[in-house]
Amino acid sequence: MRICRFDDRKIGLVKGDQVYDASVLLERLPNFRWPLPLGDALIDRLSELAPQLEAAARESTPVPIDSVELLSPVANPSKIVAAPVNYSKHMQEVVSDADLHHGTEVRPIERMGVFLKAVSSLVGAGHGVKLRFPERRTDHEVELAVVIGKRADRVPRQRALEYVAGYMVGLDMTVRGSEERSLRKSLDSYTVFGPWLTTADEVGDPGNLDLALTVNGEARQASNTRHLIFDVPKLIELASSFYTLLPGDVIMTGTPEGVAPVVHGDRIEATIEKLGTLKVEVGTA
Ligand code: MN
């Protein structure tokens, strides 16, 4: 299944280039009172709601996906976990370019672990990236984004994929500079997910997916997730060894080589095999 969120908090099922409104499912989600529980209620109930999603979609008249405003498929992650350098060719380019490392120490993921991005940085494709510091360099990073489907506490890598609800194309936008990663990657709109969530059963092995990114049609990044240093199961094992992952939490797996700046007016297209293409405009905040 390909599940999207669109327009004014609607839930949709994507088939081909059409989206079927399944927002009637909102009635099936809990009506919370303060304090709100952490985690994403839709992702938490995805497997039980899947048949109803299909049924609701059958009742609706589809509209072209290009005619809707796509929101982030995950609305309420408690954490956006991100891998630092996790492709060896990207490690080489960062180490050799002062504009990328800015004198900060670049360490392998074995020593570095993972970091967090602010959940407030999250947007969908329709919102676009808004540069907050146009005078500073902001780079694109295409990444496979893994959506956790159930509570995961100290999960061994052998069982890790059982905890995955699905996958999305992710953009980990980054302001270059000397500050901590978590700050430079947490600006409003600097995390883009979409175009929709593809459930894990449709993806199979996340360790052999082509990923690519273009800016204004020009190729910038192209690789395959088989080149990940820490693959998806290992990242889930690592992250869940430190903290419990909740339904809707997202793990961004790191970007391959080819990172480069974007400016106001650019159009980014990020594609991952089986997951679709995230089309994002770059503007100014
Ligand atoms: Mn990244």
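The values are calculated or read from the model by the stated rules, or taken from the named source; none is laboratory data. Quick caveat: nothing in here was measured; it's all calculated off a predicted structure. Cβ: placed from backbone, ideal geometry, glycine included. Neighbour counts: every protein chain shown.
Here's the yes/no breakdown for (1) buried (at least 17 other Cβ atoms within 10 Å of the Cβ); (2) modelled with pLDDT of 95 or more:
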| residue | (1), (2) |
| --- | --- |
| PHE6 | yes, yes |
| GLY16 | no, yes |
| LEU26 | no, no |
| ASN31 | no, no |
| LEU38 | no, yes |
| ALA56 | yes, no |
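Conditions tested, residue by residue: (1) of a type in the set (D, E, K, R); (2) within 12 Å of the ligand (Cβ to nearest atom).
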position	(1), (2)
VAL94	no, yes
LEU100	no, yes
VAL106	no, no
ARG111	yes, no
ALA118	no, no
LEU144	no, yes
ASP153	yes, no
ALA160	no, no
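Of everything in segment 34-85 that's of a type in the set (A, V, I, L, M, F, W, C) and within 16 Å of the ligand (Cβ to nearest atom), which residue is farthest from VAL19 (Cα to Cα)?
Applying the first criterion (of a type in the set (A, V, I, L, M, F, W, C)) to segment 34-85 yields 34, 36, 38, 41-43, 46, 49-50, 53, 55-57, 63, 65, 68, 70-71, 74-75, 80-83, 85.
In the following step, the residues that additionally are within 16 Å of the ligand (Cβ to nearest atom) were identified as 80-83, 85.
Values: ILE80: 26, VAL81: 29, ALA82: 30, ALA83: 32, VAL85: 35 Å.
Restricting to residues being of a type in the set (A, V, I, L, M, F, W, C) and within 16 Å of the ligand (Cβ to nearest atom), the top hit is VAL85.
Looking only at strands (runs of 3 or more DSSP E) that lie completely in segment 205-285, which have at least 1 residues being at negative phi and without any contact (Cβ under 8 Å) to a residue 12 or more places away in the chain?
Details: elements: 210-215, 218-224, 250-252, 267-272, 276-284.
Of the strands (runs of 3 or more DSSP E) lying wholly inside segment 205-285, those with at least 1 residues that are at negative phi and without any contact (Cβ under 8 Å) to a residue 12 or more places away in the chain span 218-224.
Considering only residues of segment 109-118 that are modelled with pLDDT of 95 or more and buried (at least 18 other Cβ atoms within 10 Å of the Cβ), which is farthest from the chain's Cα centre (by Cα)?
Checked segment 109-118; the qualifying residue farthest from the chain's Cα centre (by Cα) is VAL114.
Please list, ordered by residue number, the helices (runs of 4 or more DSSP H) wholly in segment 30-109 having 2 or more residues that are under 29 Å from LYS150 (Cα atoms), in contact with a Pro (Cβ under 8 Å, 6 or more places away or on another chain) and of a type outside the set (S, T, N, Q). Even if it seems obvious, please write down each step before you answer.
Working: elements: 41-44, 46-58, 88-96, 98-101.
Fully inside segment 30-109 and qualifying: 41-44.
Could you count how many residues in segment 175-200 are touching a residue at least 60 places away in the same chain (Cβ under 8 Å) and in a helix (DSSP H, G or I)?
2
Please find, among VAL74, VAL106, VAL68, the residue that is out of contact with any Asp or Glu (no Cβ under 6 Å at 6 or more places or on another chain) and either farther than 25 Å from VAL203 by Cβ or at pLDDT 95 or above (or both).
On the way: VAL74 fails: out of contact with any Asp or Glu (no Cβ under 6 Å at 6 or more places or on another chain); VAL68 fails: out of contact with any Asp or Glu (no Cβ under 6 Å at 6 or more places or on another chain).
The match here is VAL106.
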